[in-house]
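Novice: The following block contains the structure, expressed as structure tokens.
The values are calculated or read from the model by the stated rules, or taken from the named source; none is laboratory data. Just so we're clear, the structure is a prediction, and the values are computed from it rather than from any experiment. Note: ideal-geometry Cβ built from the backbone for every residue, glycine included; neighbour counts use all protein chains shown. These area figures cover heavy atoms from the full protein model, side chains too; ligands, DNA and RNA do not enter into them. Shrake-Rupley method; radii C 1.70, N 1.55, O 1.52, S 1.80 Å.
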Amino acid sequence: MKVKQVTLYDVADYAGVSYQTVSRVVNQASHVSVKTREKVEAAMAALNYIPNRVAQQLAGKQTPLIGVATANLALHAPSQIVAAIKSRADQSGASVVIAMVERSGAQACKEAVYNLLSQRVSGLIINYPLDEEDALAVAAACGATPVLFLDVSDNTPVNSIIFSHDEGARLGVEHLIGQGHQRIALLAGPKASVSARLRLAGWHKHLARHQLKAVAEYEGDWSAMSGFLQTQRMLNDGALPGAMLVANDQMALGAMRAISESGLRVGGDISVIGYDDTDDSACYIPPLTTIRQNFPLLGQTSVDRLLHLARGDAATGNQLLPVTLVERKTVLPPQTQSASPEALAESLMQLARQVARLPR
């Protein structure tokens, strides 16, 4: 049976006020007394009244509607960013509609943008990795609708807010070197991601400043399983670094499992630094040392700036947010503790694999 939708007239009757008064409250007009506003809001709650945003939009009275085109929400970082955007939008009296980019490439991102534009959004936030040419194409597809990018290079000529990948790479490299590490392996994100490439380039740059090169380099797809498989592959290839820099926390979790299952100790034998400081990273065993990107700050800043862009009173161009190192338990100086018999045995096996691969 179809349930009758509660209307403004129902709320007005229940509260004992006029239709116009309820409309003013719904549209957050200032010339309503506190007592009357509270009475109307109580009536709306009692009747479970849900404002018709489409009707408000057609009448030119809607609150801002922010469209978010995002990468896969099964990954921790995108989901936390979207949650932060939604939280700030709620605080600002705005609504959010989300379109997840299901496939790779600029065309898939444009399709998500067209979906959002069809819902008459006030502005767009694009949390999807795009090279310069693709970002410009997506920006053009947005037409006159304000758009803000969260995953592009800081050299891309669009409105963007990003974290400093160079600073994050520097913090990771210098922390490991400061602990005495020289044999450092890299587990990068997918080459298709601009963020992954920027972090990798930053690692190489700051290692080179200390006259170092990575002892091994592998590529994952951001997932924990790819971190596990690529680290397992690294160890099976005979590489035994003293430390690893990993491009996100989920891959770091997989890397830690591979290290442990090989009979080695995370921290004691191979130190690990992740990237992002997602909510779960403090609960890994051991807790993960990582580069923190402040996702609540990104959500707040992106919503505030987009709303200002929609009003025409925001600065254009790139805005860089800081990152910080969060020290936990996965980084120790090399050979801090005497190795366990299992670790010694595994080290000998790694050496045997290396010898077996030498040309005869």
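Conditions (1) buried (at least 23 other Cβ atoms within 10 Å of the Cβ); (2) within 19 Å of the chain's Cα centre (by Cα), marked per residue:
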site	(1), (2)
92	no, no
100	no, yes
142	no, no
152	yes, yes
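Novice: Check 172, 168 and return the single one that is closer than 30 Å to residue 98 by Cβ, open to solvent by less than 30 Å² (accessible area, probe 1.4 Å) and assigned to a helix (DSSP H, G or I).
Specialist: 168
Novice: Just need a number here: residues in the range 31-44 that are assigned to a helix (DSSP H, G or I), open to solvent by less than 90 Å² (accessible area, probe 1.4 Å) and more than 11 Å from residue 14 (Cα to Cα). Spell out how you get there, then give the answer.
Specialist: As a first pass, look at the range 31-44 and keep what is assigned to a helix (DSSP H, G or I): 34-44.
Now drop any that are not open to solvent by less than 90 Å² (accessible area, probe 1.4 Å), which leaves 36-37, 40, 42-44.
Applying the additional criterion that residues be more than 11 Å from residue 14 (Cα to Cα) yields 36-37.
Residues meeting the conditions: 2.
Novice: Tell me which residues, restricted to the range 233-275, are open to solvent by less than 10 Å² (accessible area, probe 1.4 Å), in a strand (DSSP E or B) and not polar (S, T, N, Q).
Specialist: Within the range 233-275, 243, 244, 245, 246, 270, 272, 273, 274, 275 qualify.
Novice: Would you pick out the residues in the range 285-303 that are out of contact with any Gly (no Cβ under 8 Å at 6 or more places or on another chain) and hydroxyl-bearing (Ser, Thr, Tyr)?
Specialist: 301, 302
Novice: Out of all the residues in the range 70-89, which are small (Gly, Ala, Ser), open to solvent by 50 Å² or more (accessible area, probe 1.4 Å) and in a loop (DSSP other than H, G, I, E, B)?
Specialist: The answer is 74, and nothing else.
Novice: Another question, if that's okay. Look at residue 217 and say whether it is under 20 Å from residue 243 (Cα atoms), free of Cβ contacts under 8 Å to residues at least 40 places away in the same chain, touching a strand residue (DSSP E or B) at 6+ places or on another chain (Cβ under 8 Å) and open to solvent by 60 Å² or more (accessible area, probe 1.4 Å).
Specialist: yes
Novice: Also: Name every residue in the range 301-324 that is surrounded by 16 or more Cβ atoms within 10 Å (Cβ to Cβ) and either in contact with a His (Cβ under 6 Å, 6 or more places away or on another chain) or basic (Lys, Arg) (or both), in order of residue number.
Specialist: Of everything in the range 301-324, those that are surrounded by 16 or more Cβ atoms within 10 Å (Cβ to Cβ) and either in contact with a His (Cβ under 6 Å, 6 or more places away or on another chain) or basic (Lys, Arg) (or both) turn out to be 305, 314.
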